[in-house]
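> Got a structure for you, written out below as structure tokens; questions coming shortly.
Read-outs throughout are calculated quantities, based only on the coordinates presented, and are distinct from any laboratory measurement. The shown structure was predicted, so the numbers you read here are calculated from the model rather than taken from an experiment. As a convention, Cβ positions derive from the backbone with ideal geometry for all residues, glycine included, and neighbour counts pool all protein chains shown.
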Amino acid sequence: RERIETGEQLGLHTEPQDQEELASGRIARALLAHSRAQPLPELALICCAMLVYYFPRQSRLPSRTAIANFQDELLATFSQHHPRLWEALCALEELPDEEAARLLRAVGEAL
């Protein structure tokens, strides 16, 4: 973001891809702006989705309702289609670091 803003201040052309990545990042960060406390498995899944998914540029950020709906649908879909990974995510705090890292990579691949 700073690179783009600095370039604009200097009158440099901003590549559309850079603008798209910045917009996608803003939407991804909005996914963490939740109105309720979320358990670790849910946060881990949402964070993995932030890293894996690309969010197309929009004129404004999605509403809180749209974000909450996306989170709910993500959790429901993932837990239904990948029950073993979801069960492992529910025990994430109990896993050794190396095993937790492998699990998160598997979640990212599943997404």
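> Taking the Cβ of residue 49 as the centre, find all other residues whose Cβ is under 12 Å away and add up their charges (Lys, Arg: +1; Asp, Glu: -1).
That works out to -2.
> Let a ≥ b ≥ c be the square roots of the eigenvalues of the Cα gyration tensor of segment 46-100; is it rounded (a/c under 1.5), or, if not, prolate (a/b larger than b/c) or oblate?
prolate
> What full-extension length gain, to one decimal in nm, is calculated for residue 80 and residue 38 as 0.36 nm per residue of separation minus the Cα-Cα distance?
13.3 nm
> Continuing with this model, one more query. Pick out, in residue order, every one of the trypsin sites (Lys or Arg not before Pro) in segment 38-70 that is DSSP loop and has at most 11 other C-beta atoms within 10 Å; say none if there are none.
Of the trypsin sites (Lys or Arg not before Pro), the ones in loops of segment 38-70 whose Cβ has at most 11 other Cβ atoms within 10 Å are 60.
> Which order do peptides 76-85, 42-51 fall in by mean Cβ count within 10 Å, highest first?
42-51, 76-85
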